[in-house]
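The values are calculated or read from the model by the stated rules, or taken from the named source; none is laboratory data. For clarity, every value in this text was computed on a predicted model and none was experimentally measured. Glycine also receives a Cβ, built like all others from the backbone with ideal geometry; neighbour counts cover every protein chain displayed.
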Amino acid sequence: MSADQKPILDLRNLSKTFGDMKALTDVNLAVQPGEFVTVVGPSGCGKSTLFNIVAGLEEPDTGATVRFEDRSVMAKDLLGRVSFMPQRDLLLAWRNVIDNAILPLEMEGANRAEARKEAARMLPEFGLSGFDGKYPHELSGGMRQRVALMRTFMFKRDLMLLDEPFGALDALTRTMMQRWLLDVWQKHKRTVLFITHDVDEAIFLGDRVLVMSARPGTIKLERRIELERPRGGNVVTAPEFIALKRELLEAIEEESMKTFGPVG
Ligand SMILES: Nc1ncnc2c1ncn2[C@@H]1O[C@H](COP(=O)(O)OP(=O)(O)OP(=O)(O)O)[C@@H](O)[C@H]1O
Ligand SMILES: [Mg+2]
């Protein structure tokens, strides 16, 4: 990744107000092609709102500049141009695993039989072998999340937004999915923006981690993660990892206190 490369996504002076409530203020962020950027911050600080804008579901307040692939765009122009896994899994109750996974492809007009075949091939990688015909109510929370993740992967776009994709997974599955995600990301060289509330996860995965402030959210702190790749499980005991974790936790805690205030 060279510094003179053009960012795939470039946000300037981005704010978002809902009624009289300011959710985001003055967000400035440039993401390089192939970069893996993780985002942490207190609950309610506007992380999902930021993703909804980049996914084309919400417009920012006037005055913001959004550039995508070196073109100035409206947020709505990004709809369908990025792959997005929202925080809630949004599986359709009446569709089985395979048909949920191929939904965005189907909406694009892809060949349904081929999309189903591709989805079936991907099941083992997502730990869903044998579950092709199951419906969401027959799945665990973690499995539903993996179906949603698989759907996001099948909708192949250069920029992928993942909003707490591993939130409902147990620690072991989570670790497996993190390693798997890094493998896939390294193989396919997609650009990832990844929200998590888990600082270890943010450091383990990212090239760069952003800490957002309490609402109205803005980028309060930004750190490059220089840990060598591929990263193994023991990276969490490296002194650089621990030092970075301490710094990030302090920053998040300071912001969370603003949201919740002291107890008692
Ligand atoms: N469509 C909407 N209409 C009105 N208010 C909204 C809307 N979407 C989000 N908000 C408000 O914007 C603020 C930020 O919400 P958002 O979901 O972006 O937070 P978050 O950082 O993702 O939180 P969490 O970590 O809990 O998921 C909240 O106060 C929320 O109530
Ligand atoms: Mg959220």
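Just a few scattered comments:
- Looking only at residues in region 165-189 that are buried (at least 21 other Cβ atoms within 10 Å of the Cβ) and of a type outside the set (A, V, I, L, M), the one that is farthest from the chain's Cα centre (by Cα) is Q178.
- Residue match in region 250-261 (condition: in contact with a Lys or Arg (Cβ under 8 Å, 6 or more places away or on another chain), at pLDDT below 95 and of a type in the set (V, I, T)): yes
- Filter result for F84 (part of a strand (DSSP E or B) and at negative phi): yes
- Residue in region 22-42 that is of a type outside the set (A, V, I, L, M), more than 21 Å from R71 (Cβ to Cβ), touching a helix residue (DSSP H, G or I) at 6+ places or on another chain (Cβ under 7 Å) and within 13 Å of ligand 1 (Cβ to nearest atom) present: yes
- Matching option when the condition is at pLDDT 90 or above and more than 15 Å from F36 (Cβ to Cβ), among L139, L205, L162: L139
- Positions within region 141-163 being within 16 Å of ligand 2 (Cβ to nearest atom) and among the charged types (D, E, K, R), in sequence order: D163
- Positions within region 198-247 being under 23 Å from R174 (Cβ atoms), assigned to a loop (DSSP other than H, G, I, E, B) and out of contact with any helix residue (DSSP H, G or I) (no Cβ under 9 Å at 6 or more places or on another chain), in sequence order: G206, D207, A238
- Here Q5 clears all of (1) away from ligand 1 (no atom under 12 Å from the Cβ); (2) outside any loop (DSSP other than H, G, I, E, B) except the condition numbered (2).
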